[in-house]
Amino acid sequence: MRTIPISDEELRDLPLPMAKAIEIVAFVPLESVDPLRISEGYYLVPSGQVAAKPYKLLRMALARSSRVAVAKYAWSCRERLGLLRVRDDVVVLHAMRWPDETRSPEELLPPPVELSDEEIDGALALLDTMTREDFEGEEFQVTYTEALSQIIEAKREDREPPKLQ
């Protein structure tokens, strides 16, 4: 077997059709997209006045249609699949996993068990008591950043950092 070296510059210059653009390939209902395939999101902004009108047109059309756009784009010298949706007044690009990048859950299923209607009703009652209409509240706040800030501040003041309680 022979190894062929490829430089970062050669990867950067790959002739990908969407290297400088996003190519929309379909419009689909959001419910038809498996959430496991959706990854991180990025706000998109139009590049200059020439792109402002198509951007706004896409944003308005997506908002009125209740659909999302499936698109291809290049990121880090790699062809990616993405999902375009509207959030407030901007278009968000979510990276997506290709179909072969998601694992089938069939091999992960637990062995069959019997459940009574009472057990299911109990689970539904618990679900009802924990149902919220939003993600507001202390339980949805990240504590890592605050804890890290406390350690940095303690070290800055030459005192012992706080310990886990």
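The values are calculated or read from the model by the stated rules, or taken from the named source; none is laboratory data. Because the structure is predicted, anything quoted here is derived from the model rather than measured. Reconstructed Cβ throughout: ideal geometry from the backbone, glycine too, with neighbour counts over all protein chains shown. Keep in mind that these areas ignore ligands, DNA and RNA; they rest on the heavy atoms of the full protein, side chains included. Shrake-Rupley method; radii C 1.70, N 1.55, O 1.52, S 1.80 Å.
Around the amide H of Phe27, modelled in the peptide plane, lie the amide H atoms of Val70, all under 5 Å away and 5 or more residues distant in sequence or on another chain. Projecting the Cα atoms of Leu109, Val142, Tyr42 onto the charge dipole of the chain, computed from C-beta unit charges around the Cα centre, puts Tyr42 farthest toward the positive end. Converting the Cα gyration tensor eigenvalues of region 94-144 into ellipsoid dimensions via √(5λ) gives semi-axes, longest first, of 28, 27, 10 Å. In region 27-121, with Lys and Arg counted as +1 and Asp and Glu as -1 at Cβ, which of these residues, Ile120, Val91, Ser32, has the Cα nearest the positive end of the dipole, that is, farthest along it? Farthest along the dipole direction, towards plus: Val91.
For the chain, the solvent-accessible area of protein heavy atoms averages 85 Å² per residue (probe radius 1.4 Å; ligands and nucleic acids excluded).
Across the chain, how large is the tail of the calculated P(r) beyond 29 Å, expressed as a percent of all Cα pairs? Result: 54 percent of Cα pairs exceed 29 Å.
Relative to the Cα centre, the charge distribution of the chain, modelled as +1 at Lys and Arg Cβ and -1 at Asp and Glu Cβ, gives a dipole magnitude of about 1480 debye.
Is the shape of region 74-165 best called rounded, prolate or oblate, per the rule: a/c under 1.5 gives rounded, else a/b larger than b/c gives prolate, else oblate, with a ≥ b ≥ c the square roots of the Cα gyration tensor eigenvalues? Judged from the Cα gyration tensor, region 74-165 comes out oblate (a/c at least 1.5, b/c at or above a/b). Label separation (Leu57 vs Arg103): 4.4 nm, computed from points 7 Å beyond Cα along the C-beta direction.
Assuming charge only on the beta carbon of Lys and Arg (+1) and of Asp and Glu (-1), the dipole of region 28-118 about its Cα centre is about 1040 debye to the nearest 20. Heavy-atom surface analysis with a 1.4 Å probe gives the chain a carbon and sulfur content of 57 percent of its accessible area. Phi angles across region 122-138 convert, under the Karplus curve 6.51 cos²θ - 1.76 cosθ + 1.60 with θ = phi - 60°, into 3J(HN,Hα) values of x, 5, 5, 5, 4, 4, 4, 6, 9, 6, 10, 9, 8, 10, 8, x, 4 Hz, Gly and Pro given as x. Across region 25-94, the mean sequence separation of Cα contacts (distance under 8 Å, 6 or more residues apart), normalised by length, yields a relative contact order of 39 percent. Each helix, a run of at least 4 DSSP H residues, gives -39500 (n - 2.57); summed and divided by the residues of the chain, these come to -9500 deg cm²/dmol at 222 nm. Modelled label positions at Thr131 and Asp158, each set 7 Å beyond Cα in the direction of Cβ, lie 5.9 nm from each other.
Applying the criteria of a DSSP loop state and at most 15 other Cβ atoms within 10 Å to the chymotrypsin sites (Phe, Trp or Tyr not before Pro) of region 61-165 yields Phe135. Under the criterion of Cα pairs below 8 Å and six or more residues apart, the relative contact order for the chain equals 20 percent.
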